[in-house]
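The values are calculated or read from the model by the stated rules, or taken from the named source; none is laboratory data. Only a predicted model underlies this, so the values are computations on that prediction, with no experimental measurement involved. Counting neighbours? That spans all protein chains shown, and the Cβs are built from the backbone with ideal geometry, glycine included. Remember, those area values only see protein heavy atoms, side chains included, never the ligands or the DNA or RNA. Shrake-Rupley method; radii C 1.70, N 1.55, O 1.52, S 1.80 Å.
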Amino acid sequence: MFEQKEDYMIKANGFSYQKCEYVYIKEFKDNKWQEGYLSTEDTINISVMSTSLHYGQQAFEGLKAYKVSDGSINLFRVKENAKRFIKSCSRMMMPVISEDEFTKIIVELVKANKKYIPETNKSEALYIRPLMIGVGPKLGVGPSNDYMLIVTVTPVGAYFNNLAKTRCLTTFYDRAAPNGTGMVKVGPNYGSSLYALSSVKALGYNDAVFLDPLTHTKIEEVGAANFFGITYDNKYITPKSDSILPSITNDSLKVIARDYLNLEVIEEDVYINDLKRFKEASACGTGALITPISSITHLGEETVFLTHDKSLELKEILTNIQYSLIPDKYNWITKIIL
Ligand SMILES: Cc1ncc(COP(=O)(O)O)c(C=O)c1O
């Protein structure tokens, strides 16, 4: 168990976990959901033969609560996280909860942990991590009978600590397979990415660029984030593939790029040998925010991206919506009034 620090010491410390007061737990047993509850413990007691431990039967989400200067709290596109969580749980043969219930649980947990939400600061927020795991003993490969939904929060800053210089390297390893689980947010994709991430970091790079698992010629993702590039003729290009996790940040940026910056938005194959058409490249996600990529190296050849202007404009508009600094004309915000 993480030691509980004095509350005044719990501040965002990059993208690292710090125990807050409450965790939400809801169990599925005897074929039905039990009443959920807030727990002050961030440990659980489960069978050593649980399917989540042996067969990776689990799914999770990641979203943030933002403190607004009027004291209210914003959840950003929480229904989209709920939808993706339902897809991920279904793909892993786990029970689901409704979009409304997902939202209700998160609102309850954020309110209970309100003292940990960082003060309005455009790079800090309360990170929310819903997780579903198969629990209970099962030896043969197959879905469990019992499950636990656990939601944890922690204050965070940016995922990348040096936004000015994010150098990426393509990796030979894949995070997901063709027709595998790349399009859902499940632990197995992350387990298989660990080796790739450590290998590129050992070579001094900040993150790994995953290529398509079938041909290794097209960009899929940048670590735990989506990729987008801005071409010299001002098009927002982002890859489309069934093994990419559909990022809610990327989806929002596509709308903003079109509406605010008048960019043409295209989802298409992004060939790793054709990066010269981009003046900018970026990684985007709830954790990654919008992180301009300074270079991508592939098979010894480095492509450098000198400008980041459009990426930073997109970031500014998205952040302003998340912190209610400009109107939310797309109805993306769920307000929590404390
Ligand atoms: C593999 C992967 N791709 C993309 C993203 C970005 O998705 P989102 O913008 O919904 O956070 C994430 C983070 O959740 C991720 O883990």
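Some notes on this structure:
- As for region 159-169, it holds at least one residue that is open to solvent by 10 Å² or more (accessible area, probe 1.4 Å), touching a residue at least 24 places away in the same chain (Cβ under 8 Å) and within 11 Å of the ligand (Cβ to nearest atom).
- Residue check for SER144: without any contact (Cβ under 8 Å) to a residue 24 or more places away in the chain and in contact with a Lys or Arg (Cβ under 6 Å, 6 or more places away or on another chain): no
- Only a single item in (1) surrounded by fewer than 23 Cβ atoms within 10 Å (Cβ to Cβ); (2) within 16 Å of the ligand (Cβ to nearest atom) is not met by ALA125, and it is number (1).
Let's see how each residue does on (1) in contact with a helix residue (DSSP H, G or I) (Cβ under 7 Å, 6 or more places away or on another chain); (2) in the same structural domain as THR307 (by TED's automatic domain parsing); (3) more than 16 Å from the ligand (Cβ to nearest atom):
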position: THR171; (1), (2), (3): yes, yes, no
position: GLY182; (1), (2), (3): yes, yes, no
position: ALA196; (1), (2), (3): no, yes, no
position: HIS216; (1), (2), (3): no, yes, yes
position: GLU220; (1), (2), (3): no, yes, no
position: GLY223; (1), (2), (3): yes, yes, no
position: PHE227; (1), (2), (3): no, yes, no
position: LYS235; (1), (2), (3): no, yes, yes
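- Within region 59-69, being more than 13 Å from the ligand (Cβ to nearest atom), surrounded by fewer than 23 Cβ atoms within 10 Å (Cβ to Cβ) and either among the hydrophobic types (A, V, I, L, M, F, W, C) or farther than 16 Å from THR319 by Cα (or both) holds for one residue alone: VAL68.
- The residue list ASN226, ASN234, ASN189, ASN262 contains one member that is within 24 Å of LYS279 (Cα to Cα) and within 16 Å of the chain's Cα centre (by Cα), which is ASN226.
- Any hit, region 275-292, residues being more than 20 Å from GLY223 (Cα to Cα) and at pLDDT below 95: no
- Test: residue in region 200-207 that is within 14 Å of the ligand (Cβ to nearest atom) and either over 18 Å from the mean Cα position of the chain (by Cα) or without any contact (Cβ under 8 Å) to a residue 12 or more places away in the chain (or both): no
- The one condition from (1) among the hydrophobic types (A, V, I, L, M, F, W, C); (2) in contact with a helix residue (DSSP H, G or I) (Cβ under 9 Å, 6 or more places away or on another chain); (3) closer than 19 Å to SER247 by Cβ that MET94 does not meet is (3).
- Filtered residue count, region 80-119, keeping only those that are touching a strand residue (DSSP E or B) at 6+ places or on another chain (Cβ under 8 Å), open to solvent by 60 Å² or more (accessible area, probe 1.4 Å) and more than 20 Å from ASN31 (Cα to Cα): 4
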